[in-house]
1. Go over the candidates B:G785, B:G758, B:G737 one by one and state the one that is more than 19 Å from B:R654 (Cβ to Cβ), without any contact (Cβ under 8 Å) to a residue 24 or more places away in the chain and not aromatic (F, W, Y).
2. Inspect region B:733-754 for any residue being in a loop (DSSP other than H, G, I, E, B), of a type in the set (A, V, I, L, M, F, W, C) and surrounded by fewer than 24 Cβ atoms within 10 Å (Cβ to Cβ) and give the result as yes or no.
3. I need the full set of residues from region B:639-697 which are touching a residue at least 40 places away in the same chain (Cβ under 8 Å), more than 13 Å from chain A (Cβ to nearest Cβ) and under 12 Å from B:F748 (Cβ atoms), in order please.
4. What is the one condition in (1) small (G, A, S); (2) closer than 30 Å to B:N359 by Cβ; (3) surrounded by 24 or more Cβ atoms within 10 Å (Cβ to Cβ) that B:S284 does not satisfy?
5. Scan B:M1, B:M76, B:M39, B:M65 and give me the residue that is over 32 Å from the mean Cα position of the chain (by Cα) and at pLDDT below 95.
6. Within region B:82-128, track down each residue that is β-branched (V, I, T), in a helix (DSSP H, G or I) and within 14 Å of chain A (Cβ to nearest Cβ).
7. Within region B:372-389, is even one residue within 17 Å of the chain's Cα centre (by Cα), over 22 Å from B:R151 (Cβ atoms) and either hydroxyl-bearing (S, T, Y) or surrounded by fewer than 24 Cβ atoms within 10 Å (Cβ to Cβ) (or both)?
8. Condition first: touching an Asp or Glu at 6+ places or on another chain (Cβ under 9 Å), surrounded by fewer than 23 Cβ atoms within 10 Å (Cβ to Cβ), of a type outside the set (A, V, I, L, M, F, W, C) and outside the structural domain of B:F341 (by TED's automatic domain parsing). Can you find one or more residues in region B:659-674 that meet it?
Amino acid sequence: MTSLFEEITPEASGDVPTRKITISINGEQRSANVEPRLLLAHLIRQGFKLTGTHTGCDTTNCGACTVLLDGEPVKSCTMLAVQANGHEVTTVEGLAGPSELHPIQEGFKDEHGLQCGFCTPGMMLTAKALLDRNPDPTEEDVRWALAGNLCRCTGYQNIVKAVLWAGDKLRGEADGGEES
Amino acid sequence: MVLDELKIGGLGSSRRRVEDDRFIRGKGNYVDDIVLPGMLHMEILRSPVAHARIKKIDTTRAWDMPGVRLVLTGEMMAARNLAWMPTLSYDTQAVLATDKVRFQGQEVACVVADDPYIAKDAIEAIDVEYEVLPAIVSPEQALAPEAPLIRDDKANQQDNVIFDWEVGDKAGTDAAFARADVVSKIEMHYPRSHPSPIETCGSIADFDRATEKLTVYMTSQAPHIIRAAVALVAELPEHMIRIVSPDIGGGFGNKVPVYPGYVASILASILLERPVKWIEDKTSNLMSTGFGRDVYLQGEMALRADGKILAVRMHTDSDHGAFFSDAQPSKFKIGLMHSTFACYDIPTAHLTAKGVYTNKAPGGVAYRCSFRVTEAMYFQERMVQAAADDLGMDQAEFRRRNFVRDDDFPHRTAFGFLTDSGQYGKCLDVGLEAIGYEDFLKEKEEAAKRGKLLGIGISTMTEPLGAGNSREYDILGIKMFDSAELRVHMTGKAILRTGAKTQGQGHETTWGQIVAHELGIPAEDVLVEEGDTDTAPFGMGTYASRSTPVAGAAVSMVARKIRAKARKLAAHLLEASEEDIEWELGRFHLRGDPSRGVTIQECAMAAYSNLPDGLEPGLENVAYYDPPNLTWPFACYIATVEVDPGTGVWDVLRVVAVDDCGVRINPMIVEGQIMGGLTEAYAMANMQFITFDEEGNCIGGNYMDYLLPTAWETPGFELHEVVTPCPHHPIGAKGIGECATVGGPAAFVNAVMDALKGHDVRNIDMPLLPDRVYKAMTERTDVSGAPPLRME
């Protein structure tokens, strides 16, 4: 049997095959022996105790489990942990330090871009990938980029505004602190 | 200087949300985030077929798997008298099947193991032998003379009928129809839908043998109801049961009922004396937990030639699935369906309703709605459009002619509800102005000449939100009041707890605003806690838009009790009699000398440090609030669409929403609620439904089949407001969370039907999928969406 679910321990007992993987998670190198079938979302949540990554649908549709893999958004509920071996993973906990907020986080609060909060981490990470790639998106760009993340509370309008708000702020900072 | 209420985050402030600070950091605390020492994991084996007799369950292979701690079957539950549980609608529901399975996805067995992967493996190792029986997936099939009996477990059940119910005046309605110049008719199916919060249901049961205390962390919109249910079902002492609803990832009615998984996890924890976590996957959630709608609506309207509605006749056949476990007030079998036409002045009406069992998942919940009012208002507004068309009248003018007038309140509806306020005509005018009604009609005419199909749909409605009053509203006999407890600490900071449970509505933010309004204590000085039955006062939870109307009112009332005591303290501090003291926001002062006063914070300190003789120390209280009536928000939703004649695809051009929910506590949050509701309305009109094939297979059991709108499809919304304060609510507020979901669908459907005018089509069942619209246009026929789904 495996002991991998509750605690990441150096070795699993019994006859379950495991593989040692090393992942950079939010800038920190972490190693674990994992069953090949362990999903990345579960490694992040139960193994690394980073519960801001949520699992919603198990079929890559809802995007609550979205994390950044080398900067690109992926659905961690349908990716195996072993596939992330040697890669950089960013979760919501890695968006900003404990006492500060990323402009995307600020934007979501300021524009009321969340209600129950369950989809929010995935939304924000998808938004980050968009703004990293396209710092000045149109509303249509934002809507298209977010189409892989479902929200049942907000109706998206305020999420779109939140991302545009963050884009404005990030560009303002890049221009020397003036908000456009 | 008098305090500026907006500056302390009082009523009307679009205060940013307190709860967001943890959610945007990924620091929410949802059930699946909770890890207890020694916790085990439970998975449920579900029936692959819709209707079958269970011949044999063999769990040997599962028991033998390493890491498996417990395999539960119906037989083991039955030995503890837990194989069946009561529902919220006085029926029974199988926890784990013993005799038959009655819907696809029904709970058959559970495995508890060291981790969920092992539990899932072990589920696969349970062998069940089924004798498959014919499946029933519609009321028509259920009521056929030779239909198989679904509930043969019930001694006196001879057929598949759950109830026959009626309300209104049959004789009066018949007489009015006899006088009618025109009779309009419509028949529709409001399809089965699922609330589908992104977070599924789940629980962690933690029974501590040493203390005999059972703690259950769970996704419940109504934790106190769950505590009562556990006490009754599991026969555990109520004071030794603690239900905790932590952060909830959306509810929309799905998280009101008691589900077998909760019960099984509780029993497993008691047997194993370890915490047991059960987290549903999405397919289980969609296939087995509380659905919404699934009602067949038939209506007739008696009309005078000048456009006056004389009477309405309505019949509903509702499909409740295998167990009648609707979550609704016990007095009304088809929820508040009879709130239909409440905004129109109609002399008489009659409703008959039949409910049936089918081989589908149970649990008709108020999916973002106040107990079937979504169906009621959809029926109403589709009927209104059909009638206006039959009379050849403008649809806006027809509504205006029949609205209850502003000076006609309180108004008793034909079905007996008492509406108390509204400016219906004004709301409609604001909506028409915003959309540019006359211009659009011209544009539509012009476009038609170029072969383009434009349409405009209107939906106007008032709906009953905020059950109860306790005279008429109860669940399982428990009256639908709610509560708030406020403790003001000596420094003037406070903690507030209510019997409601926020799931995204922002109570942690808005309740503080009500306290700020009543006491002048800044909202940021009020900590709000909900969801723990050991600490929160008893309440009936959050659904049916009842939080602001009931718990929110209790917040006002408890703050007023605090203010009354603070007045005594102020009198003591100012060495005056209470009668000589006046209240301004946050401060008492001497009548005639506003310069001599004490703040609420100074009164709070005195409550702990400087008391007059005979006054009880402390500054805390609790209020239980039983509202005198429901609240009646009003709304006007208008959508414009363009239908592609070549494909049946329709695009939304604009959506205008005018909501009158009385006084807005936090306008930002109110608008957020409206936009969320409009999106669910759009979803139901456009794509979102669950159907079944002839064998009872659920079509829509995952997000690849059950389509939800994304940011890409969802239209933009233009919001407007009219404010008519609720005359009986302490701060004049009304419910708002569900208005747009309730009233919105008809606006979209009416718009598409308006675009198809001239195609001899009266109705296309939701969702208006392109193939349905195309068929209606080209074959000039109504299109039904009722199951069974036929693969053609």
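The values are calculated or read from the model by the stated rules, or taken from the named source; none is laboratory data. Quantities reported herein were computed from a predicted structural model and do not represent experimental measurements. Note that each Cβ is placed from the backbone with ideal geometry, even for glycine, and that neighbours are counted across all protein chains shown.
1. So the residue among B:G785, B:G758, B:G737 that is more than 19 Å from B:R654 (Cβ to Cβ), without any contact (Cβ under 8 Å) to a residue 24 or more places away in the chain and not aromatic (F, W, Y) is B:G758.
2. No.
3. Answer for region B:639-697, where residues must be touching a residue at least 40 places away in the same chain (Cβ under 8 Å), more than 13 Å from chain A (Cβ to nearest Cβ) and under 12 Å from B:F748 (Cβ atoms): B:A639, B:T640, B:V641, B:V643, B:W650, B:L653, B:R654, B:A685, B:N686.
4. That leaves (3) as the condition not met.
5. That would be B:M1, the only listed residue that is over 32 Å from the mean Cα position of the chain (by Cα) and at pLDDT below 95.
6. Residue satisfying the conditions is B:I118 alone.
7. Scanning region B:372-389 turns up at least one residue that is within 17 Å of the chain's Cα centre (by Cα), over 22 Å from B:R151 (Cβ atoms) and either hydroxyl-bearing (S, T, Y) or surrounded by fewer than 24 Cβ atoms within 10 Å (Cβ to Cβ) (or both).
8. no
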